[in-house]
Amino acid sequence: MISTTQHTSLADYYFDFLKNLNSASKLDLISKLSQSLKEQESIPQSSLESLFGAYKSDESAEEIIANIRDSRVFNRNNK
């Protein structure tokens, strides 16, 4: 979690960087930032649990592991 002082210093950093923009650019930036906040609120948060069971295969876990190990390619040149 980011502390308040880090938020402040980050905001100050960006403000110092952007303070020389003209008024139209600043208003455009404000609009885009506002829109990004609205979009962020509407995106549903998916949980990691929703991914469990997503992979389906007729192979057993042992067969899948064996296939992965057999397909490994080592190309190190020992000199």
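The values are calculated or read from the model by the stated rules, or taken from the named source; none is laboratory data. A quick note: this is a predicted structure, and the numbers were derived from the prediction, not measured. Please note: Cβ atoms are built from the backbone with ideal geometry, for glycine as well, and neighbour counts cover all protein chains shown.
So here's what we get for this one:
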quantity	calculated
Some residue of segment 12-27 being modelled with pLDDT of 80 or more, assigned to a helix (DSSP H, G or I), among the aliphatic types (A, V, I, L, M) and surrounded by 10 or more Cβ atoms within 10 Å (Cβ to Cβ)	yes
Subset tally (residues that are part of a helix (DSSP H, G or I), of a type in the set (S, T, N, Q) and at pLDDT below 80) for segment 28-71	3
